[in-house]
Amino acid sequence: MYHLDTRFIVGTLGADESGILAVKNCSMINRRKFLKSVAGSLVLANSGILLPKNLLAQSSQMGPPELPQGALEEAVLQALPGKKPLIKRTYRPPNYETPVQYFNELFTPNEVFFVRYHLADIPQVDIQQWKLSIGGEAIEKPMELTLEDLRRDFEQVEMAALCLCSGNRRGLFKPHVPGVQWGYGAMGNARWKGVRLKEILVKAGIKKEALEVTFNGADGAVLEKTPDFKKSLPVWKALDENTLIAWEMNGEPLPDWNGFPARLIVPGWTGTYWVKQLTEIQVITRPFEGFWMKAAYRIPKGKFPIVDRFISQETEVNTPITEMVVSSLITNLEEGRQFKSGQPIEVKGIAWDGGYGIQLVEVSTDGGKTWREAELGTDAGRFSWRPWSYRFAPTEKGKYTVMAKASNRLGQTQTFELILNPAGYHHNVIQRINIEVI
Ligand SMILES: Nc1nc2c(c(=O)[nH]1)N[C@H]1C(S)=C(S)[C@@H](COP(=O)(O)O)O[C@H]1N2
Ligand SMILES: [Mo]
């Protein structure tokens with residue numbers, strides 16, 4: 001069994017402290033055969049299925065009105081193969097976000113789970129050929145594992161965890177910053193099944209000089225000059241019992257677009273570390289120098305209330321992004337919606353943080369003057385988002401500004417003012433939605 005890493009935990013966390021939902025014996029789950037995938041590429045050229053006009057949602061569904069000029073107008077709903085229509089932000093590489101209405105469910109269905117890729121050469125992995133190699137100068141016994149090996153030789157665990165892109169809501173930054181102009185939907189909550197990375201690394205033998213662990217996926221760049229998408233974790237995070245290599249999402253094999261056949265799950269940390277189509281893991285003794293660590297995914301030091309540090313990658317001025325900041329989202333109200341006076345209004349939403357656990361969600365219906373506690377819903381573990389709801393029945397006619405503010409068990413909360421940073425990460429400004437009572 002595992003034990004809970006209590007370093008940063010404050011207070012009690014309820015029944016399932018590790019975030020692990022279920023632990024199953026590996027021998028029990030060998031039945032399902034893997035879909036034999038067709039070799040070749042997921043042809044992007046085939047994927048641009050435009051929808052009939054009536055399915056092309058009004059712009060309010062395409063994202064918040066604050067998105068920069070062009071981002072809203074150009075957004076269309078488009079279905080990648082195997083997916084339902086998602087909001088297209090870019091096509092090559094594919095960046096598609098989930099429409100907010102799907103976040104009314106605890107787990108985001110696989111066919112609407114967002115898709116984020118940095119590189120446009122995305123192979124369709126042939127499961128017969130696929131192997132995960134474990135090596136690097138700080139590994140004693142380099143190994144190659146098939147999916148069958150993973151399923152047979154290690155304990156299988158399942159965990160609910162939110163995957164959130166560091167740049168979610170970047171489109172709301174003022175002044176605007178370059179990068180994919182995401183609205184609210186570059187995130188999703190799922191149940192991930194796989195094995196602990198730690199067990200694999202221990203089996204391969206980690207030398208005491210180990211400093212970082214690197215992760216590479218099967219995708220590559222179209223142009224030689226574009227750096228390959230390769231990430232690293234500090235060795236302590238790689239050895240965290242909650243860091244998984246997962247091949248199942250919500251009880252199904254991972255969709256191609258979300259990392260088939262296996263991906264890294266780094267609960268609490270932003271999506272950039274959740275390397276998809278994983279092929280190679282290396283344990284190294286020096287800070288990894290790749291572009292996506294050294295240059296990208298960095299935040300200014302000291303600006304955000306961050307607990308987890310990635311010390312071997314820090315510079316004087318900046319540091320790699322690590323855990324998610326506290327945030328929430330109202331999922332069932334659109335701007336300008338009208339209600340009859342006296343009619344009960346239910347405000348629904350979700351709240352999350354970097355894995356300390358949501359403690360409190362407060363709702364204001366008067367633009368932030370007064371706040372009331374919302375009711376928290378299902379607790380699916382500290383790495384999952386937490387649904388909440390709030391009911392009121394205003395009789396006075398007029399405009400109401402609805403806001404939601406989450407706090408976690410560390411006492412951290414959301415900001416009223418945007419914390420500026422050049423790459424547009426960690427947007428957790430409290431939302432304002434105006435509704436009208438008539
Ligand atoms: N191989 C590979 N893995 C990757 C990426 C990528 O470009 N290539 N992008 C990362 C980023 S930035 C995010 S936010 C998540 C998104 O996961 P999803 O596409 O399954 O939603 O994948 C991560 N894993
Ligand atoms: Mo991301």
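The values are calculated or read from the model by the stated rules, or taken from the named source; none is laboratory data. Because the structure is predicted, anything quoted here is derived from the model rather than measured. For neighbour counting, all protein chains shown are included, and Cβ atoms are generated from backbone atoms with ideal geometry for every residue, glycine included. Note: accessible area is taken over every heavy atom of the protein model, side chains too, but ligands, DNA and RNA are not part of it. Shrake-Rupley method; radii C 1.70, N 1.55, O 1.52, S 1.80 Å.
One table, with the values for the structure above:
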{"quantity": "Cα-only radius of gyration and Dmax that characterise the range 327-437, units Å", "calculated": "14.5, 46"}
{"quantity": "Among the listed pairs 83/174; 83/193; 131/193; 141/208; 131/203; 131/198, those beyond 23 Å (Cα-Cα)", "calculated": "83/174"}
{"quantity": "Calculated Rg and Dmax of the range 124-320 using C-alpha coordinates, Å", "calculated": "16.7, 51"}
{"quantity": "Inter-part distance where the range 375-438 and the range 301-343 are each reduced to a Cα centre, Å", "calculated": "11"}
{"quantity": "Portion, in percent, of the accessible area of the chain that falls on carbon or sulfur, probe 1.4 Å", "calculated": "52"}
{"quantity": "For the chain, calculated [θ]222 nm from helices alone, where every DSSP H run of n ≥ 4 adds -39500 (n - 2.57)", "calculated": "-1500 deg cm²/dmol"}
{"quantity": "Cα pair distances in the range 152-236, grouped into 10 Å bins until the bin that holds the longest one, percent each", "calculated": "13, 25, 37, 20, 5, 0"}
{"quantity": "Cα-Cα over 26 Å, subset of 88/276; 84/294; 301/369", "calculated": "84/294; 301/369"}
{"quantity": "Residue among 422, 253, 300 with the largest mean-square fluctuation in a Gaussian network model of the chain, springs linking Cα atoms under 10 Å", "calculated": "422"}
{"quantity": "Net charge of Cβ neighbours under 12 Å - reference residue 165; Lys, Arg +1; Asp, Glu -1", "calculated": "+3"}
{"quantity": "Convex hull projection area averaged over all views, the chain, Cα basis, nm²", "calculated": "21.6"}
{"quantity": "Residue with peak Gaussian network fluctuation, the chain [Cα springs, cutoff 10 Å], from 318, 216, 95", "calculated": "318"}
{"quantity": "Solvent-accessible area per residue for the range 327-437 (1.4 angstrom probe, square angstrom)", "calculated": "43"}
{"quantity": "Whole-angstrom gap from the range 256-284 to the range 222-239, using each part's C-alpha centre", "calculated": "10"}
{"quantity": "Gained length - residue 74 relative to residue 153, 0.36 nm times residue gap less alpha-carbon distance", "calculated": "23.6 nm"}
{"quantity": "Under 13 Å, Cβ to Cβ, from residue 429 - net charge with Lys/Arg +1 and Asp/Glu -1", "calculated": "+3"}
{"quantity": "Solvent accessible area, Å² - residue 107, 1.4 Å probe, full protein context", "calculated": "50"}
{"quantity": "Cβ-based charge dipole, the range 337-438, positive-most Cα from 419, 378, 341", "calculated": "341"}
{"quantity": "Computed magnitude of the charge dipole of the chain (debye, nearest 20; Cβ of K, R +1, Cβ of D, E -1)", "calculated": "380"}
